[in-house]
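Participant: There's a structure below that I have some questions on.
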Amino acid sequence: MRYLVTVGEHTLEVEVTRGPDGVYGARAKDGAELQVSAQTNSAGVLDLRVNNQTVQVLPSVGEVRFQGQYYAVRTASWLEHAAIAAGGGKGALERKVLASMPGRIVQIACQVGQAVTVGAPLVVMEAMKMQNELSAQCDGVVRVINVSVGQTVERGELLVELE
């Protein structure tokens, strides 16, 4: 099955197949191949072995941890992506920018009423001494900004909502 995987500003098209031994094969559009095996631990974290490197996935919050760094990740099957494109609309979740991890807001790069396009920076938050820019996942108008500079937020907290 084909998936679109978005990590930050980068989207990768991946074809995933399951082998008879339970190991998954993933092939990127550029031809790069990965061997992936998965195991869920007791904390609800999915531990993936990708080409002999461990990647931890927190599916409930759309977050990946790799080499001590956290990344917000979205996935959609090719069918889901095609259905959204055919309908001309985006899901309600794409109109909400949520904190992907606990952190502190260091910059707000938008204003209520401002029209934004896909990829436009909305909020910069600092987590684990790294700044992460959170951007619009769809075109829209900023409806609500629920945070202010200096505010501490928890994972999953609504930061900005588009209409």
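Computed from the coordinates by the stated procedures, all read-outs in this text should not be read as laboratory data. Please read these numbers as outputs of a predicted model, since none were measured by experiment. Every residue, glycine as well, gets a Cβ built from its backbone with ideal geometry; the counts of neighbours run over all protein chains shown.
Participant: Which condition does LEU159 not pass, out of (1) under 16 Å from the mean Cα position of the chain (by Cα); (2) more than 24 Å from ARG65 (Cα to Cα), if it passes all the others?
Facilitator: The failed condition is (2).
Participant: Return the residues of region 117-150 that are outside any strand (DSSP E or B), within 16 Å of the chain's Cα centre (by Cα) and either over 19 Å from HIS10 (Cβ atoms) or not polar (S, T, N, Q) (or both); say none if nothing qualifies.
Facilitator: Residues satisfying the conditions are VAL118, GLY119, ALA120, ALA136, CYS138.
Participant: Let me ask something additional. Working only within region 105-163, note down all residues that are loosely packed, with under 12 Cβ neighbours inside 10 Å and among the charged types (D, E, K, R).
Facilitator: Those that are loosely packed, with under 12 Cβ neighbours inside 10 Å and among the charged types (D, E, K, R): LYS129, GLU154, GLU163.
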